[in-house]
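Inspection log for the structure reproduced underneath, given as structure tokens.
The values are calculated or read from the model by the stated rules, or taken from the named source; none is laboratory data. Predicted model, so just to flag it, every value in this text is computed and none were measured. Methodologically, a virtual Cβ is constructed for each residue, glycine included, from the backbone with ideal geometry; neighbour enumeration extends over all protein chains shown. In case anyone asks, the SASA skips ligands and DNA or RNA and just uses the protein heavy atoms, side chains included. Shrake-Rupley method; radii C 1.70, N 1.55, O 1.52, S 1.80 Å.
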Amino acid sequence: MHHAEHFTRAGALSALALAINAIFLFPASADQGWLQGCKAVQGENACQQPFQQGLSPVLLGSGKEKQGQWGFIDTTGHLVIAPAFSAAQGFVNGLAVVGQDGKYGYIDQRGNAVIPPRFSRATPFNTEGTALVEVDGRLALIDKQGAAVRTLPFAASPGTAGFVDGQPLASVQMQ
């Protein structure tokens with residue numbers, strides 16, 4: 001075998017190695033659309049929300065998944081609640097709103113379901129121990145056990161922000 005043949009084979013093997021490496025670095029089947037929603041700055045669409053009560057919701061997953069799952073990290077960056085939620089808000093007054101299968105409920109700081117997901121919409125609990133939720137197209141106030149304290153009139157708009165930052169009063173739009 002001549003030296004020229006060695007160089008030709010070595011060049012072909014190098015090209016093949018580069019091509020194989022590129023396939024594994026950039027998988028053609030990866031759907032990274034949900035990853036593009038993550039922004040470098042924290043915000044509503046960020047993949048990490050601000051820390052509240054020592055924990056922060058984070059969106060985790062791989063580019064091969066159609067969407068990530070929300071979990072929670074502590075201030076040291078350790079994962080303390082495994083990713084299992086399609087939506088999550090920060091902890092307010094000891095509980096966090098989480099979503100699964102299009103419904104919302106509440107978890108404690110260990111990740112235990114305190115109120116299983118059953119609401120169309122949910123806001124954080126206020127300092128008085130009530131939260132504003134939407135059930136069957138109506139707004140209701142619930143307690144920390146999930147029991148309805150008061151159902152609001154049909155004219156109350158579900159588009160309200162509810163209890164913002166755990167404040168004792170909620171804004172509600174009425175027709």
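Restricting attention to the stretch 138-148, does a residue exist that is assigned to a strand (DSSP E or B) and surrounded by fewer than 17 Cβ atoms within 10 Å (Cβ to Cβ)? Break it down stepwise before answering.
Narrowing the stretch 138-148 to residues assigned to a strand (DSSP E or B): 138-142, 148.
The next check asks that each one be surrounded by fewer than 17 Cβ atoms within 10 Å (Cβ to Cβ); those that pass are 138, 148.
Yes: one or more hits.
Filter the stretch 70-119 down to residues that are open to solvent by 20 Å² or more (accessible area, probe 1.4 Å) and touching a residue at least 40 places away in the same chain (Cβ under 8 Å) and give me whichever is nearest to the chain's Cα centre (by Cα). Please lay out each step first, then the result.
Applying the first criterion (open to solvent by 20 Å² or more (accessible area, probe 1.4 Å)) to the stretch 70-119 yields 70, 73-80, 82-84, 86-87, 89, 93-94, 100-104, 108-114, 116-118.
Filter once more, keeping what is touching a residue at least 40 places away in the same chain (Cβ under 8 Å): 89, 93-94, 109.
On the way: Q89: 7, N93: 19, G94: 18, Q109: 15 Å.
Of everything passing the filter in the stretch 70-119, Q89 is nearest to the chain's Cα centre (by Cα).
Output the residue which, of all residues in the stretch 46-60 that are part of a loop (DSSP other than H, G, I, E, B) and open to solvent by 50 Å² or more (accessible area, probe 1.4 Å), is nearest to L95 (Cα to Cα). Outline the logic, then answer.
Step one: filter the stretch 46-60 for residues part of a loop (DSSP other than H, G, I, E, B), giving 46-47, 49-51, 53-54.
Keeping just the survivors that are open to solvent by 50 Å² or more (accessible area, probe 1.4 Å) gives 50-51, 53.
Details: P50: 15, F51: 13, Q53: 10 Å.
It comes out as Q53.
Can you name every residue in the stretch 61-110 that is aromatic (F, W, Y) and in a loop (DSSP other than H, G, I, E, B)? Steps first, please.
Taking the stretch 61-110 and keeping what is aromatic (F, W, Y), we get 70, 72, 85, 91, 104, 106.
The answer is F91, and nothing else.
Examine the stretch 156-166 for a residue that is modelled with pLDDT under 90, within 18 Å of Q53 (Cβ to Cβ) and more than 24 Å from the chain's Cα centre (by Cα), and state whether such a residue exists.
no
Hey, can you tell me all the residues within the stretch 42-101 that are at positive phi and touching a Phe, Trp or Tyr at 6+ places or on another chain (Cβ under 6 Å)?
Within the stretch 42-101, Q53, N93 meet the criteria.
Taking the stretch 124-155, which residues are within 25 Å of the chain's Cα centre (by Cα), among the hydroxyl-bearing types (S, T, Y) and modelled with pLDDT under 90?
T127
Scan the stretch 120-137 residue by residue and report those that are touching a Ser or Thr at 6+ places or on another chain (Cβ under 8 Å) and open to solvent by less than 20 Å² (accessible area, probe 1.4 Å).
A131, L132, V133
Could you list, in sequence order, the residues of the stretch 124-137 that are over 23 Å from V80 (Cβ atoms), part of a loop (DSSP other than H, G, I, E, B) and in contact (Cβ under 8 Å) with a residue 40 or more places away in the chain? Walk me through it before giving the result.
Pass one, the stretch 124-137, residues over 23 Å from V80 (Cβ atoms): 126-130, 132-137.
Adding the requirement that they be part of a loop (DSSP other than H, G, I, E, B) leaves 126-130, 136-137.
Scanning the stretch 124-137 gives N126, T127, E128.
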